[in-house]
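Data first, discussion second: the structure below is written as structure tokens.
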Amino acid sequence: MSSLKIELFFFSFYSKDHMKIPKILHQIWLSPNNSQEIPEPYKKYQLTCKKAHPSWKYIIWNHSLVNSLISKNYSKFLTLYNSYKYIVQKVDLAKLIIIYHYGGVYMDSDMECLKNLEDLLQDKSCVFSSLYGHCDEKSKFCPSALLMTAFKFYNQPIISSGFYASVPNH
């Protein structure tokens, strides 16, 4: 069995007694057929995040919302965004623009919220996650180890783009 551990690194650039990062949780769902329907188990994960953050604004970004944000505010990136062949490429650009523009927390749609994030984000202006991979000897497939081996960082943290948080314009 393989396991993937995510740890959070906190970078505090401001010292305030309140949460600087906006209470907005962003997730992106860009389906190949432009469907708005989010399949299981992603829908279940989405519900855990809404339940853990009842007072937060929750935005699920789709093709239309992403295109609108980029064309209205970051038009110089629209041609690049539309040129991407793969959805994952579009998601990678979209999440950077979304967090830069609005601030808040970005989480991949395959992540589950086990508890509220406010205590972890308190007094922070920027938060990144890192991945550590471990696979036991019986594992036939271990994507985290393959990723780390491919980038020659085995047993060292890799900054993940699956979860991060920031103040706007950072």
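Backbone geometry of the stretch 111-120 corresponds, through the Karplus equation with coefficients 6.51, -1.76 and 1.60 at θ = phi - 60°, to 3J(HN,Hα) couplings of 9, 10, 8, 8, 7, 5, 8, 4, 4, 6 Hz, x marking Gly and Pro. Residue pairs exceeding 27 angstrom between C-alpha atoms, taken from Lys43/Lys115; Lys43/Lys85; Lys23/Lys85; Lys57/Lys95: Lys23/Lys85. When the charge dipole of the stretch 70-123 is built from unit charges on Cβ atoms (+1 for Lys and Arg, -1 for Asp and Glu) and taken about the Cα centre, the candidate among Asn73, Tyr102, Gln122 whose Cα reaches farthest toward its positive end is Asn73.
About the Cα centre of the stretch 11-119, what is the dipole size in debye to 20, counting +1 per Lys and Arg Cβ and -1 per Asp and Glu Cβ, all else neutral?
300 debye
With the highest mean first, a sort of the peptides 119-127, 66-74 on other beta-carbon atoms found within 10 angstrom per residue produces 119-127, 66-74.
If you add up the charges near Tyr42, with Lys and Arg at +1 and Asp and Glu at -1, over every other residue whose beta carbon is less than 11 angstrom from its beta carbon, what do you get?
Summing Lys/Arg as +1 and Asp/Glu as -1 gives -3.
What part of the accessible area of the stretch 58-121, given as a whole %, is carbon or sulfur when the probe is 1.4 angstrom?
Numbers: 1960 of 3530 Å².
Answer for the stretch 58-121: carbon and sulfur cover 55 percent of the accessible area.
The values are calculated or read from the model by the stated rules, or taken from the named source; none is laboratory data. The model shown is predicted, which means the values in this text are computed figures rather than measured ones. We place every Cβ from the backbone using ideal geometry, glycine too, and count neighbours over all the protein chains shown. Surface areas here come from the heavy atoms of the whole protein model, side chains and all, with no ligands, DNA or RNA. Shrake-Rupley method; radii C 1.70, N 1.55, O 1.52, S 1.80 Å.
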